[in-house]
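Chemist: Sending over a structure as structure tokens; questions will come in a sec.
The values are calculated or read from the model by the stated rules, or taken from the named source; none is laboratory data. Here the structure is a predicted model, which means the values were calculated and not measured. Quick reminder, even Gly has a Cβ in these numbers, built from the backbone with ideal geometry, and neighbours come from all protein chains shown.
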Amino acid sequence: MKTQKITDAQIREAHAVGLQHKDQDNIYWSYYSGVLQAAYDAGRMGYGLGSDVVECERFGALPVSGRSYNYADNHAEAGVSVIMCGTDADGAAGAQLFMSHRKIFRFRGIRIVGTNGSDGEILVFPVDYYDFLD
């Protein structure tokens, strides 16, 4: 498999298809890219997307799956958790304290609207991120 940059347009397209399939139980699309799959699934769940691509920060590298994982509740989040998204800081101070030993990773992303991580953190889809597409 080869990798390619995931663009803002690709994320928005996968999300739009998910929104179209929201109430259709007999239709489900799969993507090789974890980020595009997460965007599609977020659309199926009815979550929105922010209008801008913004600078983001998180503790540690981006997860290959395109989603952060909540080990306490044993499930994947809708996207990647961040401590900063544009000018909005995450209010989950406890999680920031717990993860502060990890390096801060900066990237560009699109905010997921209508949901947060299980600890209240902001969730995003990373843009200009290399992922598998075929």
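Chemist: Kindly evaluate Tyr40 against the criterion of being at pLDDT 90 or above and in contact with a helix residue (DSSP H, G or I) (Cβ under 8 Å, 6 or more places away or on another chain). Reasoning before the result, please.
Modeler: Numbers: at pLDDT 90 or above: yes; in contact with a helix residue (DSSP H, G or I) (Cβ under 8 Å, 6 or more places away or on another chain): yes.
Answer is yes for this residue.
Chemist: Please find, within the stretch 18-37, the residue that is nearest to Ser68 (Cα to Cα) out of those that are part of a helix (DSSP H, G or I) and touching a helix residue (DSSP H, G or I) at 6+ places or on another chain (Cβ under 6 Å).
Modeler: Here is the first cut: in the stretch 18-37, the residues part of a helix (DSSP H, G or I) are 18-20, 34-37.
Going one step further and asking which of them are touching a helix residue (DSSP H, G or I) at 6+ places or on another chain (Cβ under 6 Å), we end up with 18-19, 36.
Numbers: Gly18: 20, Leu19: 21, Leu36: 14 Å.
This residue is Leu36.
Chemist: So in the stretch 55-111, with the set limited to residues that are exposed (fewer than 14 other Cβ atoms within 10 Å of the Cβ), modelled with pLDDT of 70 or more and among the β-branched types (Val, Ile, Thr), which one is nearest to Val35 (Cα to Cα)?
Modeler: Val64
Chemist: Check whether at least one residue in the stretch 69-76 is under 22 Å from Arg12 (Cβ atoms), of a type outside the set (A, V, I, L, M, F, W, C) and in a strand (DSSP E or B), and report yes or no. Quick ask: steps written out before the conclusion?
Modeler: Filtering the stretch 69-76 for residues under 22 Å from Arg12 (Cβ atoms) gives 76.
Next, only the ones that are of a type outside the set (A, V, I, L, M, F, W, C) stay: none.
So far as the stretch 69-76 goes, no, none of its residues is under 22 Å from Arg12 (Cβ atoms), of a type outside the set (A, V, I, L, M, F, W, C) and in a strand (DSSP E or B).
Chemist: For residues in the stretch 1-17 being outside any helix (DSSP H, G or I) and surrounded by fewer than 16 Cβ atoms within 10 Å (Cβ to Cβ), which is modelled with the lowest pLDDT? Break it down into steps so the answer makes sense when it comes.
Modeler: Filtering the stretch 1-17 for residues outside any helix (DSSP H, G or I) gives 1-7.
Pick out the ones that are also surrounded by fewer than 16 Cβ atoms within 10 Å (Cβ to Cβ) and you get 1-5, 7.
Values: Met1: 58, Lys2: 65, Thr3: 72, Gln4: 80, Lys5: 87, Thr7: 93.
So, considering only residues that are outside any helix (DSSP H, G or I) and surrounded by fewer than 16 Cβ atoms within 10 Å (Cβ to Cβ), the one modelled with the lowest pLDDT is Met1.
Yes/no matrix, rows are residues, columns are (1) touching a residue at least 40 places away in the same chain (Cβ under 8 Å); (2) farther than 19 Å from Ser81 by Cβ:
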position: Thr3; (1), (2): yes, yes
position: Ala9; (1), (2): no, yes
position: Ala16; (1), (2): no, yes
position: His21; (1), (2): no, yes
position: Tyr31; (1), (2): no, yes
position: Gln37; (1), (2): no, no
position: Met45; (1), (2): yes, no
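Chemist: If you go through the stretch 34-54 one residue at a time, how many are of a type in the set (Asp, Glu) and farther than 17 Å from Ala9 by Cα? Lay out the reasoning, then the answer.
Modeler: Taking the stretch 34-54 and keeping what is of a type in the set (Asp, Glu), we get 41, 52.
Right, trim to farther than 17 Å from Ala9 by Cα and you get none.
So the count comes out to 0.
Chemist: Here is a check on your reading of the model: is Tyr32 hydroxyl-bearing (Ser, Thr, Tyr), surrounded by fewer than 17 Cβ atoms within 10 Å (Cβ to Cβ), under 21 Å from Ala76 (Cβ atoms) and modelled with pLDDT of 90 or more?
Modeler: Details: hydroxyl-bearing (Ser, Thr, Tyr): yes; surrounded by fewer than 17 Cβ atoms within 10 Å (Cβ to Cβ): yes; under 21 Å from Ala76 (Cβ atoms): yes; modelled with pLDDT of 90 or more: no.
So Tyr32 fails the test.
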